[in-house]
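Here the structure comes first, spelled out in structure tokens, and everything after it is commentary.
The values are calculated or read from the model by the stated rules, or taken from the named source; none is laboratory data. Everything numeric in this text was worked out from a predicted model, so none of it was measured. Don't worry about glycine lacking a Cβ; one is built from the backbone with ideal geometry, like all the others, and counts go over all protein chains shown. Surface areas here come from the heavy atoms of the whole protein model, side chains and all, with no ligands, DNA or RNA. Shrake-Rupley method; radii C 1.70, N 1.55, O 1.52, S 1.80 Å.
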Amino acid sequence: MARQKGIIKLKGTIGDITFYKTQDGHLAREKGGIDANRIANDPAFQRTRENGSEFGRAGKAGKLLRTALRPLLLNSADSRMVSRLTQSMVKVIQADTTSVRGLRNVIDGEAELLFGFEFNIRGKLGTSLFAPFTATIDRVAGTLDADLASFIPSNMIAAPSGTTHFKMVSGGAEVDFEAETFVVATSETTIYPWDTTATAAINLSNAVTANSTKPLFLALGIEFYQEVNGQMYPLKNGAYNPLSIVKVDSGV
């Protein structure tokens, strides 16, 4: 691809050149490629078909997890989160050592590879929250908990400029990647001032199905606010709210 320069930016196709706009600017590329029918049937493209099948499976799995955690992602996601999560799901699927290539899947893969995934690259939990916390999943009880001892917000939370208040949020998701269904629960704290006043001990508990055999995911995040005339407003529409997967149990 090539980057368009000059005052006039083009969109559309002229001859064999396609002009289009992306997040990276106005680009141009030459049309071309291999015939789709050949890719679908030619034995020489068997590996391509297998890769495509697994990539599609990763995309569906990522969408299901995103949908499950949507109540939290509405306030905590960057513009490229979808593609980054799909790439992570590809790695989960490629870790499947029992299925043949092309049929590898999330269930037989390593869902634990999603541990630490940051949904908002502009505000990572790992560089925002310095207060120690424990993340636990009790599969028998069906609870996914995040616990923080009392801490001083201004010392333990690196907040973006303009922050006056914050709250902790959490979500627990039980995801059935085969049936494409999920159970989700979310929890949140009260809104705390971002100052030197210590918080109370925090327990964010999310209950899903007891004794589930499906993969379980625990997410933890922060939402930042700015107080104006006694009203709380999401800081910069949540652009810097971190949300991360802090515990995964892939199931049995």
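Just a few scattered comments:
- Under the condition of being of a type in the set (Val, Ile, Thr) and under 21 Å from PRO153 (Cα atoms), the residues counted in segment 115-131 number 1.
- Verdict on GLY123 being within 19 Å of the chain's Cα centre (by Cα), buried (at least 19 other Cβ atoms within 10 Å of the Cβ) and not in a strand (DSSP E or B): yes
- Selection count, segment 109-120, where residues are surrounded by 18 or more Cβ atoms within 10 Å (Cβ to Cβ) and assigned to a loop (DSSP other than H, G, I, E, B): 4
- Selection within segment 142-168 - within 20 Å of ALA239 (Cα to Cα), touching a Pro at 6+ places or on another chain (Cβ under 9 Å) and open to solvent by less than 20 Å² (accessible area, probe 1.4 Å): PRO153, PHE166
- Hits in segment 126-136 - residues which are open to solvent by 30 Å² or more (accessible area, probe 1.4 Å) and in a loop (DSSP other than H, G, I, E, B): PHE130, PRO132
- Screening SER250 against (1) of a type outside the set (A, V, I, L, M); (2) touching an Asp or Glu at 6+ places or on another chain (Cβ under 9 Å); (3) at pLDDT 95 or above; (4) open to solvent by 20 Å² or more (accessible area, probe 1.4 Å) leaves a single unmet condition, (3).
- Set side by side, the residues ILE137, ILE222, ILE245, ILE157 differ, and just one is farther than 30 Å from VAL106 by Cα and among the β-branched types (Val, Ile, Thr), which is ILE157.
- Number of the exception - LEU235 against (1) surrounded by 19 or more Cβ atoms within 10 Å (Cβ to Cβ); (2) at pLDDT below 95; (3) closer than 16 Å to LEU144 by Cα: (3)
- Filtering PHE224, PHE177 for residues that are over 19 Å from ASN75 (Cβ atoms) and either surrounded by 16 or more Cβ atoms within 10 Å (Cβ to Cβ) or of a type outside the set (S, T, N, Q) (or both) leaves a single hit, PHE177.
- Restricting attention to segment 87-108, the residues that are surrounded by 15 or more Cβ atoms within 10 Å (Cβ to Cβ), out of contact with any Gly (no Cβ under 8 Å at 6 or more places or on another chain) and among the charged types (D, E, K, R) total 2.
- Within the option set ARG139, ARG84, being at pLDDT 95 or above, open to solvent by less than 70 Å² (accessible area, probe 1.4 Å) and more than 30 Å from ASN211 (Cβ to Cβ) holds for one residue only, ARG84.
- Looking only at segment 178-220, and only at residues there that are under 16 Å from the mean Cα position of the chain (by Cα) and among the aromatic types (Phe, Trp, Tyr), the one that is farthest from ASP147 (Cα to Cα): PHE182
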